[in-house]
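Note sheet for the following structure.
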Amino acid sequence: MKIAFVGKGGSGKTTLSSLFIRHLVAAGAPVLAIDADINQHLGPALGLDEAQAAALPAMGERLSLIKDHLRGANPRIASAATMIKTTPPGEGSRLVRVGEPNAVYDACARPVELDGGAVRLMVTGPFTDADLGVACYHSKTGAVELFLNHLVDGPDEYVVVDMTAGSDSFASGLFTRFDMTFLVAEPTRKGVSVYRQYKEYARDFGVALKVVGNKVQGPDDIDFLRTEVGDDLLVTVGHSDWVRAMEKGRPPRFGLLEEANVRSLQTLRAAADATYASRDWERYTRQMVHFHLRNAEAWGNERTGTDLAAQVDPGFVLGEGLATPV
């Protein structure tokens, strides 16, 4: 299952995504974690120190390798250089799976130990001095979108993505790549403003969206969120001594997380798992192609000097039963 955590800056989306990752790992589930926010806070939230987090290999700096691997033997793609962030897979493309060994994971993923389990962690990479004034962050997150376009995942395995803050992910098709999107909102007017944007933008794309109320202090906060987001409010989270210790860099054993917060995480997993029954790989592939053609016309054809519409394989549908070429 592919799961996104979104929200305005400071809402606690990274903290909630890291708790959810720990919860899944503690349950023995295979998990791939991706930090798609150029601010790069997920690694420290999972217990890495500053040096370890800084040493994580950036997907954005290894885009050529990612393209080379994913292109495989797809005859519709003349070269890896003509691939853009939205390039869809087709016959001959090399697909990726959550638990397999492959060249992309070797180059871009690192294991992070969590209370006896482990998660694979991938990061887009932060802005560097070389990027300032000449690049936008979509050049980083594009590596994540391309990777997810070629990912085949099944039930009881999880890809958890900590997304860019606010509604910025709507600048690409990345927001349609998930089975479930959890929007983390504080009980304030600013806290729910991103929800309204997400709800409006996602309406025509079948995006499954649920709100996680964070930093909730009492019934008034819950009433406020319920009034503002209605039935989209899935669960609320209040103060946590465990989280406070984690933010100081001294997290206790995860088994000591407060019972109320454990129940909240269980609710999140149940909501994500429930979307599996309604998975529609044809729609998923169709949306992938839709955004690819839009990007091709807007800038991709000019930048690559290629008619990128020719990369679309009209008979191809991504799905769990597909074999990956060696």
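May I ask you to compute the full-extension gain from His290 to Glu100, defined as 0.36 nm times their residue separation minus their alpha-carbon distance, rounded to one decimal in nm?
That works out to 65.5 nm of additional length.
I'd like the accessible area for Tyr105, computed on protein heavy atoms only with a 1.4 Å probe and all protein chains in place. Round to 10 Å², please.
That residue has around 10 Å² of solvent-accessible surface.
For Glu91 and Arg196, FRET efficiency with R0 = 41 Å and r from the beta-carbon atoms, rounded to 0.05?
In this case the efficiency is close to 0.50.
Want the number for Val317 to Arg263: 0.36 nm per residue separation, take away the alpha-carbon distance, what's left?
15.8 nm
Could you tell me the center-to-center distance, by alpha carbons, between region 241-292 and region 24-102 in angstrom?
Between the Cα centre of region 241-292 and that of region 24-102, the gap is 19 Å.
May I ask you to rank Arg253, Arg196 by accessible area, largest first, using a 1.4 Å probe over the protein chains only?
Arg253, Arg196
Given contacts defined as C-alpha pairs under 8 Å and at least six residues apart, what's the relative contact order of the chain, whole-number percent?
27 percent
Is there a pair in Lys13/Lys85; Lys13/Lys248; Lys13/Lys199; Lys13/Lys190 whose C-alpha atoms are over 22 Å apart, and which pairs would that be?
Distance filter (> 22 Å) returns Lys13/Lys85.
Taking all protein chains together and a probe of 1.4 Å, list Thr188, Thr164 from the most accessible to the least accessible.
Thr188, Thr164
Given Ala245, Gln40, Gln52, which one lies farthest toward the positive end of the charge dipole of the chain, if we put +1 on the Cβ of every Lys and Arg and -1 on the Cβ of every Asp and Glu?
With unit charges placed on the Cβ atoms, the residue in question is Gln40.
The values are calculated or read from the model by the stated rules, or taken from the named source; none is laboratory data. On a predicted model such as this, the values are computed, not experimentally measured, just so you know. Virtual Cβ from ideal backbone geometry, glycine too; neighbours counted across all protein chains shown. Protein only, heavy atoms only, side chains kept; ligands, DNA and RNA dropped before computing areas. Shrake-Rupley method; radii C 1.70, N 1.55, O 1.52, S 1.80 Å.
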